[in-house]
Amino acid sequence: MAGYEDFVDLEYKPNNKDVIASFKVKVPDWETPEKAFGAVASESSVGTWTDLNIWEKYPHVKKVAAKVYSIEHSPNGYWIKIAYPEDHFEQNNPSQILASIAGNVFGMKAVDGLRLQDISFTKTMMKEYRGPQFGINGIRKIFNAEKRPLMLSVAKPKVGMTTAEHADIGYQIWTGGLDLLKDDENLTNQKFNPFKKRVTASLKLRNKAEKETGERKSYLINVTAPTVQEMIERARFVKKEGGEYVMIDIIASGWTAVNSLREECEDLGLAIHAHRAMHGAMTRNQDHGFSMNCVSKFARLIGVDQLHIGTVFGKLVSPKEEVLECQKNLTQVKVKPDMTHHYLEQNWEKMEQVFPVSSGGLHPGIVDKIMGLLGTNIMLQLGGGVHGHPNGSYAGAVAMRAAVEAYLDKISAEEKAKTCPELKIALKQWGHTAPK
Ligand code: CAP
Ligand code: MG
């Protein structure tokens, strides 16, 4: 037999060779909960809709079959835990993990809703995957910035500017006091701002800004490309031109692309900035999809160096408990389980940390709220909150840096604004309110 119920075993005790998945399940009223849960374990591991007599015909298949071992009925639905023997998965193949655990199951009629809340990886997997190349300390060394938040600005308008305009924006925010210029998620190699020209022109002005300020500056260059091969060519070009970073749209590009870029960046010695554009299609609905916490865990396992995790207060939906769980999984060694939100424990062993990036609708008047919530071991990104300054990008950068320094010096932004007219104008423009 191998009907759906055969994939439920509440006596089973998982061991350290099991990958554990935590799911929230909405059971259709025509289905029994046990069959619905068994369907998730069956379809995400070895079974299908009809009984194939698997255990009789192929008893060895049981060794890589998933089993539901925990069921919890809470006011907002059922929460289950499924154990997957780690041999079910191919080594160092994140796409295959997702094709199993986060594949067909989301489309099954046997569930009305399914949200993958967390996945915990095994110790073996921690050895199979590279993890981050630099870690937070390694990134801080690039900028000689031991404690403070690192400050980024993405050029706005997102796309459409010429290469010269884009590079000039970089020069303005670098000389205005920020550490990093960032390409926007949809700026790649368009006709009006070709990739190679943008890299060369921007890094030339970066070098000029470094000389004038005496500070390290860098540039998060988007290498998201039509093919993995082209993406790698672009990364190699960045290295040749003296860049320290590449940026990739991890969700739009896919995990195999991220893994390929990570492998190449090991040789090139380039840090990876992970932009998560499109994640909201999966992470926003609390009853169906894939949590941002899972995105963060794959990002650290594969080994990006920086990842956007949200703001709680900014323009994009980012629930507080999810932002905090992402920050834990990016920076801690041993993450404790969160029973309330059904997040699992995770031991990251010797994996380097990932720099959490808070971005999206931020401006100088609310960066203190972000640091109050997330601390200062973060990166802060302001696009509109710099380039929307009435006096332009340079003034916007000065205002952003002053607002961060005010927080670090434990004085109010208003106090700081007495000696920083650019901050005063920014506060007049945006106050302390977050955008809707
Ligand atoms: C921010 C941004 C980033 C978002 C991504 C944008 O610009 O460049 O892509 O922060 O969201 O295009 O919106 P603003 P998240 O600073 O002008 O908002 O960080 O949540 O992944
Ligand atoms: Mg953007």
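What follows draws every value from the coordinates through simple rules; no lab data is involved. Here the structure is a predicted model, which is why all the values come from computation and not from measurement. Reconstructed Cβ throughout: ideal geometry from the backbone, glycine too, with neighbour counts over all protein chains shown.
At a threshold of 8 angstrom on Cα-Cα distance, excluding pairs fewer than six apart, so keeping six or more, what relative contact order does segment 59-107 reach in percent?
Relative contact order, segment 59-107: 28 percent.
Over the Cα atoms, compute the radius of gyration (one decimal) and Dmax (the largest Cα-Cα distance, rounded to a whole number) for the chain, in Å.
Answer for the chain, Rg first and Dmax second: 23.4, 79 Å.
Per 0.36 nm of contour for each residue apart, how much would the distance between Leu408 and Arg130 grow if the chain were fully extended, relative to their Cα-Cα spacing?
Values: separation 278, 0.36 × 278 = 100.08 nm, distance 3.41 nm.
96.7 nm is the gain from fully extending Leu408 to Arg130.
Counting other C-beta atoms within 10 Å, and keeping those with at most 14, which DSSP coil trypsin sites (Lys or Arg not before Pro) do you find in segment 1-66? Mind showing how you got there, number by number?
Working: sites: Lys17, Lys24, Lys26, Lys35, Lys57, Lys62, Lys63; in loops: Lys17.
Passing both the DSSP loop test and the Cβ count: Lys17.
Could you give me D for segment 277-321, from Stokes-Einstein at 20 °C and 1.002 mPa s, where the hydrodynamic radius is the Kirkwood radius over C-alpha pairs? Units µm² s⁻¹, please. Kindly include the intermediate steps, with their values, before the conclusion.
Values: Rh = 11.3 Å.
The Stokes-Einstein estimate is 190 µm²/s.
For segment 193-251 and segment 334-404, what is the separation of their C-alpha centers, rounded to whole Å?
Taking the Cα centre of each part, segment 193-251 and segment 334-404 sit 22 Å apart.
Rounded to the nearest 0.05, what FRET efficiency do Glu11 and Asn104 have when you use their Cβ-Cβ distance and R0 = 22 Å?
On the way: r = 27 Å, r/R0 = 1.23.
Step by step, r from the Cβ atoms, then E = 0.25.
In a Gaussian network model over the chain where Cα atoms closer than 10 Å are linked, find which of Gly385, Gly303, Gly372 has the largest mean-square fluctuation.
Result for the chain, Cα springs under 10 Å: Gly372 fluctuates most.
What number, in nm² with one decimal, is the all-direction average of the projected area of the convex hull of the alpha-carbon atoms of segment 348-401? Don't jump to the answer; show the numbers that get you there.
Values: hull surface 17.5 nm².
Value for segment 348-401: 4.4 nm².
Report the rotationally averaged projected area of segment 34-77 based on its alpha-carbon convex hull, in square nanometres. Intermediate values should be presented prior to the final figure.
Details: hull surface 14.1 nm².
Mean projected area for segment 34-77: 3.5 nm², to one decimal.
Please give the peptides 422-433, 207-218 ranked by average Cβ packing (other Cβ atoms within 10 Å per residue), highest first, as a rough proxy for protection. Don't skip to the end; give the middle numbers.
On the way: 422-433: 18.4, 207-218: 14.9.
Answer by packing, highest mean first, reads 422-433, 207-218.
Can you list residues whose amide H is under 5 Å from Tyr343's amide H, if they're 5+ apart or on another chain and H is modeled 1.01 Å from N?
For Tyr343, the qualifying residues are Asp338.
Under a crude label model (7 Å from the Cα following the beta-carbon direction), how far is Thr256 from Gln190 in nanometres?
Between Thr256 and Gln190, the label points sit 2.9 nm apart.
Taking only C-alpha pairs under 8 Å that are 6+ residues apart, what is the relative contact order of the chain in percent? Write out the running numbers ahead of the final one.
On the way: 893 pairs, mean separation 66.7, N = 436.
About 15 percent, as a whole number.
To the nearest whole percent, what portion of all C-alpha pairs in segment 4-128 is separated by more than 16 angstrom?
On the way: 4554 of 7750 pairs.
So the pairs more than 16 Å apart make up 59 percent of the total in segment 4-128.
Counting other Cβ atoms within 10 Å, keep those with at most 15, restrict to DSSP loop, and tell me which trypsin sites (Lys or Arg not before Pro) in segment 280-319 are left.
For trypsin sites (Lys or Arg not before Pro) across segment 280-319 that sit outside H, G, I, E and B with at most 15 neighbouring Cβ atoms in 10 Å, the list reads Arg284, Lys315.
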